[in-house]
Amino acid sequence: MWEYPTWDVPRLGGGMAIGLIATIHVLVAHFSVGAGIILAVGETVARKKSDETILNFLRIFSKWLLLIGFVFGAVSGVAIWFSISLASTRATSMLIHTFVWFWAIEWVFFLVEIVSGYAYYASWGRISPRQHTALAWIYAVAAWMSLFIISGILSFMLSPGDWIQTRDVWDGFLNPTFLSTVALRTLSSLGIASLAAMAIVNLYPKFSREERTRVINFNATFLWPLVLMLPFAYWYFQGIPPFAKGLIQGGAAAMTLFFLFGIAASTLVGLYAYFGLIRRKRYINLETSLLLLSIAIIATVSMEFVREGVRKPYVIYNLLYSNGLTKEEVPRANNEGVLANAPWKRIGFDENTADPEALGEKMYEIQCSSCHVVNGFNDVVLLIDGWSDDLLWYNLERLHELKPFMPPLVGTDKERKALAAYLMELQRERYGNETKKEVALDGSHPQS
Amino acid sequence: MDLIPSPDSLGLPAPVWLLLLLHDVTQTIHFLFMNFVLGGSWFLLWLHFGRKVDWKEQLYQRCLSVLPVALSMAITFGIGPLLFVQVLYGQFFYTANIIMGHFWLGLLLILVIAFYLIYVLKAKSGSDDRFSSPILRLTLHLAIALSFTFIALLHTANAVLVLTPEIWEEAYTGSLWGTLLSRSEFLIPRYLHNVVGAIGIGGLWIVWIGNYRGSLNASDQARSGAVMSLVATFIQMILGFWYLAALPTDLVKSLMRFDSTLGWHFASSILVAMPFTVCLFALTVIPCHRLLRWITSGLGALLVFAMVVFSEKLREVLLENYFTLAEWKVDTQWGPILIFLGLFVFGLVVLAWIAWALWKGFGQPGDPSEEISS
């Protein structure tokens with residue numbers, strides 16, 4: 001069950017470390033995909049109309065794509081692999097063994113994307129316009145196909161569909177939220193890249209105000225599709241598991257708010273692009289374009305947060321809990337014990353002679369540390385602040401019923417009680433004997 | 001051994017031989033690019049001191065232009081072996097990653113910083129745009145070269161940890177935060193063998209860059225790469241003996257008797273290394289000879305492939321007491337495999353078209369120093 005050692009990230013926790021890296025990468029990757037479409041469509045149109053301003057801008061834009069997408073994006077993509085293998089090892093292994101050929105297919109597109117992207121940037125004015133435009137399209141298609149393949153694997157984690165029963169890789173890839181994920185991510189990519197383009201053109205004084213306005217209005221063409229965020233989000237919503245739906249529909253206030261914010265912000269930006277930038281051909285300066293870009297980034301991050309959040313308590317829905325235990329293994333963990341199935345935690349540790357608190361610490365490391373930390377983000381001590389022994393025990397015993405976004409607490413009676421003892425000790429260490437108003441099982445305050 | 005996780009119950013989605021083949025091929029290509037990144041970053045440091053000489057300045061600019069592209073390709077081709085090693089040896093690989101967790105993830109932070117430093121150097125390398133402080137320029141060169149050399153150490157440490165489950169417990173309890181590299185006896189010789197070998201192959205890239213269109217003193221440029229390659233190859237041979245001596249005695253005896261598959265792989269590496277060294281020597285004399293360049297480079301690539309296959313077999317032998325690849329349950333996903341292979345071939349065709357278009361395009365008259373940097 002817990003056959004791997006644990007990776008300790010003080011203050012932050014492994015889960016949060018993955019989240020941070022993944023979020024940054026998603027933003028850069030979306031920029032790279034959207035930029036490809038802008039370059040391809042932009043060069044095709046600009047060549048047709050002999051629009052030197054747009055061509056000059058695209059040349060500059062391709063340099064930004066290289067510096068952001070190919071340098072940071074390529075390394076941060078690998079960083080996701082590294083971090084998930086450290087903090088969510090079993091899930092990584094399952095995803096790799098299930099989807100290795102889809103990862104390999106994605107790698108082919110990534111290879112073409114990188115080579116064509118470098119070639120595109122390096123060959124301005126060196127190859128024929130037709131060939132250069134063809135390079136832009138090769139890059140755009142390869143980058144988007146990369147997104148297409150990755151979406152199948154990412155959406156699988158929330159909605160594995162029939163794969164749970166059949167274990168057929170196509171059931172997993174073509175899962176209920178696959179296509180809606182592709183659609184949402186394509187919109188997000190266009191939004192981020194076009195807003196970034198508007199900010200970038202404002203950084204170059206060599207463009208006159210009129211030229212900048214033209215470039216901005218041109219890029220707005222890729223922004224208005226954000227108004228489709230609402231129907232696409234609804235489509236996505238229809239495919240997710242019922243419990244996850246419930247979380248968005250008010251089951252978890254944070255999820256509801258972030259989901260609504262993501263849709264509202266995207267739609268408003270899309271409407272502004274259509275009415276302000278396309279129809280009325282407005283100009284926006286650097287500050288405004290950065291503000292709009294920030295809103296789009298926050299909207300994308302919000303949707304990523306919701307995607308990760310509503311998947312709880314699972315990493316792979318209905319199969320693997322976030323703490324590395326599968327659903328099927330719960331009875332065995334209760335019968336045999338947790339420590340018996342976690343060899344790395346038994347190193348130098350004798351369960352028979354150890355204090356309950358020391359055994360509890362092991363339980364915490366195995367079952368809780370993938371999401372919680374002591375002294376830091378999602379601090380476990382803060383979450384039990386003021387609780388009495390009874391209240392804590394009552395909660396731990398019914399953890400997955402009272403907090404259905406958490407995995408069930410497993411282990412022998414001795415192990416679970418040891419975890420309670422450890423958590424109470426942490427509470428005492430933090431607040432001393434004079435804890436805040438202690439809340440007992442019946443809701444009274446024994447110390448008051 | 002109690003601490004080795006069991007193989008993933010989902011099994012393998014392809015035959016072992018196919019996964020091994022793809023692992024070895026992508027690893028070889030990754031090494032070929034990485035060798036220029038590592039060797040080239042030290043070579044640039046050396047060239048940096050002689051930039052007042054025209055041909056050295058030209059070679060410096062050209063190497064600096066190729067470096068970020070080679071690094072990007074090294075990263076892209078590194079994804080292949082990263083993927084396939086997880087499939088084949090995930091239970092060993094993941095454990096090694098976690099044991100050196102902070103270093104493992106930190107490796108990428110160093111990589112991205114070094115990547116951007118190359119672009120800073122490139123932006124400041126033009127005649128009008130140089131750094132005013134020579135110390136700053138030198139520091140930048142050193143930072144880049146040391147970063148790649150340190151990254152190589154972390155990769156070697158990881159590979160050695162994969163091979164040595166017997167030291168896992170000590171390593172893990174020695175640093176629960178994952179800040180320990182490896183205490184294996186063959187970490188240092190293997191590391192030095194890899195680094196110096198990389199400089200050897202990296203020198204061949206410089207031979208090609210030195211022979212590029214419009215080179216000033218092409219033979220001087222190309223010879224500097226050939227000499228670097230030859231010297232590194234000789235040192236690497238000595239280090240190779242040290243590496244061998246650090247391996248378990250029974251294994252070394254088996255290698256020397258050539259009575260095992262591993263022994264034959266070892267022999268084939270030596271067989272390729274010998275003509276390669278002879279050709280390298282010839283290249284230091286006639287560095288612009290086109291056919292010789294092709295033969296030497298072909299042998300160099302073959303040597304890297306042979307070493308990759310040897311390392312792979314060595315892993316199999318060192319881990320056979322704990323796990324063999326034959327233990328995997330295989331349930332082949334033929335559909336996705338065929339799609340992958342079809343797309344891979346199609347991708348190669350697209351890449352060939354891009355190469356052709358660029359080759360033709362860059363044949364137009366223009367400033368040679370800008371041809372590959374534009």
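Summary table
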{"read-out": "Rounded to the nearest 20 debye, dipole of the protein assembly as shown from Cβ charges on Lys, Arg, Asp, Glu", "value": "3620"}
{"read-out": "Distance between segment A:300-376 and segment A:220-267 - C-alpha centres, whole angstrom", "value": "30"}
{"read-out": "Per-residue [θ]222 nm for chain B (sum of -39500 (n - 2.57) over DSSP H runs n ≥ 4, rounded to 500)", "value": "-27000 deg cm²/dmol"}
{"read-out": "Per-residue Cβ neighbour rank within 10 angstrom, fewest leading, B:PHE33, B:PHE281", "value": "B:PHE281, B:PHE33"}
{"read-out": "Summed side-chain charge close to B:ASN217 - residues other than B:ASN217 whose Cβ falls under 15 Å, Lys, Arg +1, Asp, Glu -1", "value": "+3"}
{"read-out": "Estimated 222 nm signal from helices in chain A, with DSSP H stretches of n ≥ 4 weighted -39500 (n - 2.57), rounded to 500", "value": "-20500 deg cm²/dmol"}
{"read-out": "Reduced Cα scattering model of segment A:217-364, Debye log10 I(q)/I(0), q = 0.19 Å⁻¹", "value": "-1.09"}
{"read-out": "Karplus-derived 3J(HN,Hα), 6.51/-1.76/1.60, for each residue of segment A:144-152, Hz, glycine and proline x", "value": "5, 5, 4, 4, 4, 5, 4, 4, x"}
{"read-out": "Residue order, fewest to most beta carbons within 10 Å, for B:SER254, A:SER76", "value": "B:SER254, A:SER76"}
{"read-out": "Under 5 Å, built H, 5+ apart or other chain: amide partners of B:LEU12", "value": "B:LYS329, B:VAL330, B:ASP331"}
{"read-out": "Residue-wise HN-Hα coupling along segment A:370-377, computed from phi with Karplus coefficients 6.51, -1.76, 1.60 (Hz; x: Gly, Pro)", "value": "5, 10, 9, 10, 9, 6, x, 6"}
{"read-out": "Listed residues B:GLY210, B:GLY202, B:GLY361, most fluctuating in chain B (Gaussian network, C-alpha, under 10 Å)", "value": "B:GLY361"}
{"read-out": "Most positive-pole-ward Cα, A:TYR431, A:LEU359, A:MET406, against dipole of segment A:327-431 from beta carbon charges", "value": "A:MET406"}
{"read-out": "Residues listed by number, segment B:298-318, amide nitrogen under 18 Å from B:MET256 label point at 7 Å toward C-beta", "value": "none"}
{"read-out": "Relative contact order, percent, chain A [alpha-carbon distance under 8 Å, six or more residues apart]", "value": "18"}
{"read-out": "Other-chain or far-sequence residues with amide H under 5 Å of A:VAL315's (modelled H)", "value": "A:LEU320, A:TYR321, A:SER322"}
{"read-out": "Over 21 Å between alpha carbons, listed pairs A:LYS63/B:LYS56; A:LYS345/A:LYS414; A:LYS245/A:LYS403; A:LYS206/B:LYS122; A:LYS362/A:LYS414; A:LYS63/B:LYS124", "value": "A:LYS63/B:LYS56; A:LYS206/B:LYS122"}
{"read-out": "Average other protein chain Cβ within 10 Å of Cβ, residues A:115-128", "value": "5"}
{"read-out": "For residues of B:94-104, the mean tally of beta carbons on other chains within 10 Å", "value": "6"}
{"read-out": "Segment A:ASN335-A:ARG209, length gained on full extension (0.36 nm per residue, minus Cα span)", "value": "38.1 nm"}
{"read-out": "Cβ-derived FRET efficiency at R0 25 Å, A:TYR394 paired with A:ARG346, nearest 0.05", "value": "0.25"}
{"read-out": "Efficiency of FRET from Cβ geometry, B:ASP220 and B:SER133, R₀ 30 Å, rounded to 0.05", "value": "0.55"}
{"read-out": "Given charges at beta-carbon only (K, R positive; D, E negative), |dipole| of chain A in Debye", "value": "2580"}
{"read-out": "Cα-projected label distance for B:ILE235 with A:THR44, points at 7 Å along beta-carbon direction, nm", "value": "5.3"}
{"read-out": "Most mobile of B:PHE186, B:PHE340, B:PHE31 in a GNM of chain B (Cα contacts under 10 Å)", "value": "B:PHE340"}
{"read-out": "Cβ-based exposure ranking for B:TRP242, A:TRP81, in which fewest neighbours within 10 Å come first", "value": "B:TRP242, A:TRP81"}
{"read-out": "Distance between modelled label sites at B:TYR119 and B:PHE150, nm, 7 Å Cα→Cβ extension", "value": "2.1"}
{"read-out": "Positive-end residue of A:THR186, A:LEU12, B:ALA267, charge dipole of the protein assembly as shown with Cβ unit charges", "value": "A:THR186"}
{"read-out": "Packing-based ranking, highest mean first, of B:36-42, B:155-161, B:203-209, A:40-46 given that Cβ atoms within 10 Å are counted", "value": "B:36-42, B:203-209, B:155-161, A:40-46"}
{"read-out": "Table column - 3J(HN,Hα) (Hz), segment A:229-238, Karplus curve with 6.51, -1.76, 1.60, x for Gly and Pro", "value": "4, 4, x, 5, 5, 5, 4, 4, 4, 5"}
{"read-out": "Mean separation of Cα contacts under 8 Å, 6 or more apart, over the residue count of segment A:327-431: relative contact order %", "value": "41"}
{"read-out": "Span from the segment A:87-133 Cα centroid across to the segment A:179-202 one, whole angstrom", "value": "19"}
{"read-out": "Contour excess over end-to-end distance, with Cα ends at B:GLU320 and B:MET274 and 0.36 nm allotted per residue", "value": "13.5 nm"}
{"read-out": "Shielding of B:341-353 by partner chains, average beta-carbon count, 10 Å", "value": "4"}
{"read-out": "Most mobile listed residue (A:ALA354, A:ALA299, A:ALA35) in chain A, GNM with C-alpha springs under 10 Å", "value": "A:ALA354"}
{"read-out": "Shape of the protein assembly as shown, Cα gyration tensor, a/c cut at 1.5", "value": "oblate"}
{"read-out": "Peptides ranked, highest mean first, by Cβ atoms within 10 Å: ranges A:5-16, A:162-173", "value": "A:5-16, A:162-173"}
{"read-out": "Long-range amide H partners of A:TRP387 with built H, under 5 Å", "value": "A:VAL439"}
{"read-out": "Dipole magnitude (debye, nearest 20) for chain B, charges at Cβ of Lys, Arg, Asp, Glu", "value": "1220"}
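No lab work stands behind these numbers, since they all come straight from the coordinates. A quick note: this is a predicted structure, and the numbers were derived from the prediction, not measured. All Cβ positions, glycine included, derive from the backbone under ideal geometry; neighbour counts span all protein chains shown.
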